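See structure below.
The values are calculated or read from the model by the stated rules, or taken from the named source; none is laboratory data. Bear in mind the structure is a predicted one, so any value in this text is a computation, not a measurement. FYI the Cβ positions are ideal-geometry reconstructions off the backbone, even for glycines, and counts take in every protein chain you see. The accessibility values were calculated without ligands, DNA or RNA, using every heavy atom of the protein model including side chains. Shrake-Rupley method; radii C 1.70, N 1.55, O 1.52, S 1.80 Å.
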Amino acid sequence: GNHLHFHFMHLGKKKTKRLYFSPELRTKNLFLIDEFVSVSPIVAIRKQDLFNRGNKQLILLCGSKSRSSVRILQKTSGVDLIREKNLQKKPIGVNIIKNDSIFIHIIFSFQKTTASFSLNRNIEEINNNGLIIDCSTFSTEFLKSRKGVFQSTNKKIRFIKYRGLKRKIIQWEPNEGSLISNSTILEVKEVLILLILSNWKVSVIKLEKNFFFLEVGRLMLENPYLDFLFGVKIQKK
């Protein structure tokens, strides 16, 4: 997080000193002189043209614990901080949902929960947008062919289709107590969702046009095509 330059107001009979540090506790004998902006440590980073201006911005998750924040930087003559929001908990990931210029949502993942924020003049938290909030999210994406938002968590997947102020939600979760470790989407003529499960199998889910999830197959984790689809080589321990 930022570094703060304080002046000690009272130190008994000794002369006052100026030190560079960031105190953990608030004390009455300190006077804030200056604040040095710092984005360290960076927990996660995304790059995207949020405002359709032809140049991309950096979305950074910064700091740790109660000092966590999200900051949006943009390169002009220098590097400008154009948005900032302090967070009460430590985030572990960030996703962007952008539907052209209609709406922009920033999705923050925490250890066991998910929170959604809208990006307008400020970064403001929003509720009741249909997303799963009781577990951590590792993937969200706006699917143009289905005109809705896909969300993948470690317990279930969800698709939310928006029609004005109304929305329709469908959901799928693995059986046999399995968890979801990773996901990827193949969107050409059909929408196929590949989920890596904790039982070392890959479930292939089809998002039907008449709005329901259908499991169309299972693959073994050692299948060589999975290295290409997920971008990493997966080996069973």
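Worth a mention:
- Remark: for residue pairs Lys85/Lys112; Lys98/Lys209; Lys56/Lys112, the C-alpha separation exceeds 23 Å in Lys56/Lys112.
- Where labels lie 7 Å past Cα in the beta-carbon direction, separation of Arg218 and Val43 in nm: 3.6 nm
- Heavy-atom accessible area with a 1.4 Å probe sorts Leu81, Leu165, largest first, into Leu165, Leu81.
- Reduced Cα scattering model of segment 152-212, Debye log10 I(q)/I(0), q = 0.15, 0.18 Å⁻¹: -0.48, -0.67
- Here the calculated FRET efficiency for Trp200 and Phe8, from their Cβ-Cβ distance with R0 = 41 Å, stands at 0.10, rounded to the nearest 0.05.
- 18 Å Cα-Cα threshold exceeded, pairs from Lys161/Lys206; Lys156/Lys206; Lys156/Lys189: Lys156/Lys189
- Computed extension gain for Thr76 through Ile169, at 0.36 nm per residue and net of the alpha carbon distance, reaches 29.4 nm.
- Net charge of neighbours whose Cβ lies under 13 Å from the Cβ of Thr137, counting Lys and Arg as +1 and Asp and Glu as -1: +2
- In order along segment 181-197, the phi-based Karplus estimate (6.51 cos²θ - 1.76 cosθ + 1.60, θ = phi - 60°) of 3J(HN,Hα) comes to 9, 6, 8, 8, 10, 10, 10, 10, 7, 10, 10, 10, 10, 9, 10, 7, 9 Hz; Gly and Pro are listed as x.
- Sequence-distant residues sharing a close amide H with Leu87 (under 5 Å, placed H): Ser68, Ser69, Val70
- Potential lengthening between Arg67 and Phe51 on full extension [0.36 nm per residue; Cα-Cα distance subtracted]: 3.1 nm
- Label positions at Ser118 and Glu84, each projected 7 Å from the Cα along the C-beta direction, are separated by 2.4 nm.
- Here the Debye sum runs over all C-alpha atoms of segment 46-199 as equal scatterers in vacuum, and log10 of I(q)/I(0) at q = 0.16 Å⁻¹ comes out as -0.96.
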